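*Asks:* Quick one: this structure, given as structure tokens, is what I'll be asking you about.
Every read-out reported here was derived from the displayed coordinates using simple, explicitly stated rules and does not represent laboratory data. As the structure is a computational prediction, the values presented were derived from the model and not from experiment. Every residue, glycine as well, gets a Cβ built from its backbone with ideal geometry; the counts of neighbours run over all protein chains shown.
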Amino acid sequence: MSAQREQVLDYSWLHDDTEEDLVGADWHQHAIRALSTSLQALADERRWPWHVGDQLTLVGEKPNGKEWRPAPDVSIHPQLGPEQRQEVDVRVEGPPALVLEVASASTWTYDVSLESTRRGKRQAGKAFGYLVVLRVPEYLVCDPRGEFLAGQVRAWRCVGDVIQPWLPDANGSYHSQSLDITLRPDGTLLRVFDPEGNPVPYWFEAARTARAQAQEIAELRAALERLHRPEPRL
């Protein structure tokens, strides 16, 4: 982006996320939880040093020198580790490799805008903020019910200093070059696939499997106890 363009682009729309920005409908929150817990489960299984942020505040600086504090729905920093944090200052610790937002009625225009003409000014949107201000290499917005985005997803990636559309594969999947994982719309959710292409279970699928396994073990133990129980004397 040229210096001349930066001078005429207004950054007042690029605001810190507030409580109103973060609260959403049930399907919005469900999509965030399903995505963040799948990513965390994969990182735990592989013992990757990821930090999976769930509406965790990122701290950066806009080109006009003012601080910007967005709280993306999900962010993945590949080297910060799992220790819980209050915020991440990207000026010190570097940007996340991937940021994901779940679109809602009140935020989707802001989420997908590199820039937009508002009140007669060319104003920077959240896509500009993540890709240019924070220098996040990959950014994806998912619309759970397909109300606002055709195909449910809008995404970008940076190739050097050039922002390019991040287009899906033939099967509708989005492969993250930064993390070597794949994301694909799955009903109202976004399914995560590991580097080998295997789907990562959602938390509720994992819980259902664990319950079924626990029931099978309980039934097996009961059967073994019956086998070893002494026969009653007549």
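*Asks:* For the pair ALA25 and ARG145, how long in nm is the line joining their label points, each one 7 Å along Cα→Cβ?
*Replies:* 0.2
*Asks:* Sort 26-32, 45-51 by the packing proxy (mean of other Cβ within 10 Å over each peptide's residues), most packed first.
*Replies:* On the way: 26-32: 18.3, 45-51: 14.1.
Packing proxy ranking, top to bottom: 26-32, 45-51.
*Asks:* So what's the angle, to the nearest 10 degrees on a 0 to 90 scale, between helix 26-46 and the longest Cα principal axis of the chain?
*Replies:* 70
*Asks:* Treating only the Cβ atoms of Lys and Arg (+1) and Asp and Glu (-1) as charged, compute the dipole magnitude of the chain about its Cα centre; round to the nearest 20 debye.
*Replies:* Values: 26 positive and 35 negative charges, 38 e Å.
That gives a dipole near 180 debye.
*Asks:* I've got another one for you. Classify the range 87-201 as rounded, prolate or oblate from the Cα gyration tensor: take a ≥ b ≥ c as the square roots of its eigenvalues, call it rounded if a/c is under 1.5, otherwise prolate when a/b beats b/c and oblate if not. If you can, show how the numbers build up before the last one.
*Replies:* Details: a/c = 1.90, a/b = 1.25, b/c = 1.51.
Oblate, since a/c reaches 1.5 and b/c is not below a/b.
*Asks:* Separate question: Choose one answer from GLU147, GLU67, GLU196: the residue with the largest mean-square fluctuation in a GNM of the chain with alpha-carbon springs under 10 Å.
*Replies:* GLU196
*Asks:* Calculate the spin-label point distance for LYS121 paired with SER178, positioning each point 7 Å from the Cα along the beta-carbon direction, and give it in nanometres.
*Replies:* It works out to 2.8 nm between the two label points.
*Asks:* Mind checking which of ARG145, ARG119, ARG208 has the largest fluctuation in a GNM of the chain, springs on alpha carbons under 10 Å?
*Replies:* In this elastic network of the chain, the residue with the biggest mean-square fluctuation among ARG145, ARG119, ARG208 is ARG119.
*Asks:* If you don't mind, another one. Taking 0.36 nm per intervening residue step and subtracting the Cα-Cα distance, what contour gain separates ARG91 from ARG211 on full extension?
*Replies:* 38.8 nm
*Asks:* Per 0.36 nm of contour for each residue apart, how much would the distance between ALA105 and ARG47 grow if the chain were fully extended, relative to their Cα-Cα spacing? Provide the component values of the computation, followed by the final result.
*Replies:* Details: separation 58, 0.36 × 58 = 20.88 nm, distance 3.66 nm.
Extra length from ALA105 to ARG47 when fully extended: 17.2 nm.
*Asks:* Rounded to the nearest 0.05, what FRET efficiency do GLN84 and ARG226 give with R0 = 41 Å and r taken as the Cβ-Cβ distance? Could you check?
*Replies:* With a Förster radius of 41 Å, E is 0.30.
*Asks:* Top mean-square fluctuation among PHE193, PHE204, PHE148, Gaussian network model of the chain, C-alpha springs under 10 Å?
*Replies:* Judging by the Gaussian network model, the answer is PHE204.
*Asks:* For HIS15 and VAL159, what does the FRET efficiency come to when R0 = 30 Å and r is the distance between their Cβ atoms, rounded to the nearest 0.05?
*Replies:* Values: r = 28 Å, r/R0 = 0.93.
That gives a FRET efficiency of 0.60.
*Asks:* For the modelled label position 7 Å from the Cα of TRP203 along Cα-to-Cβ, which residues of the range 24-39 have backbone nitrogen atoms closer than 11 Å?
*Replies:* Residues 30-39 qualify, since their backbone N sits under 11 Å from the label point.
*Asks:* Which one of LEU131, PRO199, THR182 has its Cα pushed farthest toward the positive end of the charge dipole of the range 104-234, where Lys and Arg give +1 and Asp and Glu give -1 at the Cβ?
*Replies:* LEU131
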